[in-house]
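Everything on this sheet refers to the single structure shown next.
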Amino acid sequence: MTEFECSVTALLSGTLVALRALEREDLTVLHKWQNDEEIMRLARSFPDHVISKEALEAEFARELKGEDTGRRAYIIEEKSSRKPVGWATIRIHQFQRRMTAADIGLALGERTAWNKGYGTETARLLLDEVFRQLNLHRAEWWTYAENDVSVQLAKKLGFKEEARLRDAVFFDNRYHDLVVLGLLKQEFESIRAAAGTSSSETTVSYLQSP
């Protein structure tokens with residue numbers, strides 16, 4: 001474990017993964033993930049996405065400085081090894097006077113982290129943040145229609161399909177529908193209560209600014 005890894009404190013911690021703030025040192029591995037065709041197909045419906053490290057730094061400049069109050073960017077760490085395995089975001093809707101909703105998103109950039117329950121736990125940690133710390137009313141999940149893994153994960157967590165934007169994204173030489181799924185706070189709390197899950201099972205520490 002490096003000195004950098006030892007110095008980082010998890011913001012959101014589960015059993016399998018921990019989510020911490022993005023640091024400048026993470027741009028190297030994030031650059032690798034965001035130039036991977038398969039990863040970006042699943043993450044943002046952009047399989048032909050390429051980005052330079054300089055452009056990536058510019059994209060996350062405000063988060064790195066703690067200045068962006070509308071987006072929280074996290075690195076997903078495998079808890080047993082403290083190895084970065086992906087990234088996640090919460091984007092708070094700011095087009096209304098009262099902030100009531102946020103989009104959540106995540107991507108596992110390391111294939112060795114797939115099919116281990118890391119994505120499910122990461123999503124649940126993000127939902128805890130959205131509903132219990134930020135006290136927002138709804139969470140949204142966007143993906144393209146053929147991304148079955150993403151759609152099924154959202155539905156497993158209680159999201160309901162609310163809209164389908166026809167031919168909204170283009171890749172692989174054809175158009176694809178975008179699926180919008182939503183989850184309300186009262187639905188989230190009902191699911192947690194039915195599962196008998198207490199908030200004490202998740203250890204969370206918060207930053208002052210997103």
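The values are calculated or read from the model by the stated rules, or taken from the named source; none is laboratory data. Predicted model, so just to flag it, every value in this text is computed and none were measured. Cβ atoms come from the backbone with ideal geometry, glycine included; neighbour counts cover every protein chain shown. Note: areas computed on protein heavy atoms with side chains; ligands, DNA, RNA excluded. Shrake-Rupley method; radii C 1.70, N 1.55, O 1.52, S 1.80 Å.
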Identify the single condition in (1) free of Cβ contacts under 8 Å to residues at least 24 places away in the same chain; (2) part of a loop (DSSP other than H, G, I, E, B); (3) open to solvent by less than 20 Å² (accessible area, probe 1.4 Å) that residue 35 does not satisfy, given that it satisfies every other one. (3)
Residues of the stretch 136-167 classified as free of Cβ contacts under 8 Å to residues at least 24 places away in the same chain and either over 21 Å from residue 195 (Cβ atoms) or touching a Phe, Trp or Tyr at 6+ places or on another chain (Cβ under 8 Å) (or both), total: 8
Given (1) under 14 Å from the mean Cα position of the chain (by Cα); (2) crowded, with 20+ Cβ neighbours inside 10 Å, number of the condition residue 44 does not satisfy: (2)
What helices (runs of 4 or more DSSP H), lying completely within the stretch 51-161, carry at least 1 residues that are under 18 Å from residue 11 (Cβ atoms) and open to solvent by 20 Å² or more (accessible area, probe 1.4 Å)? 61-65, 118-128
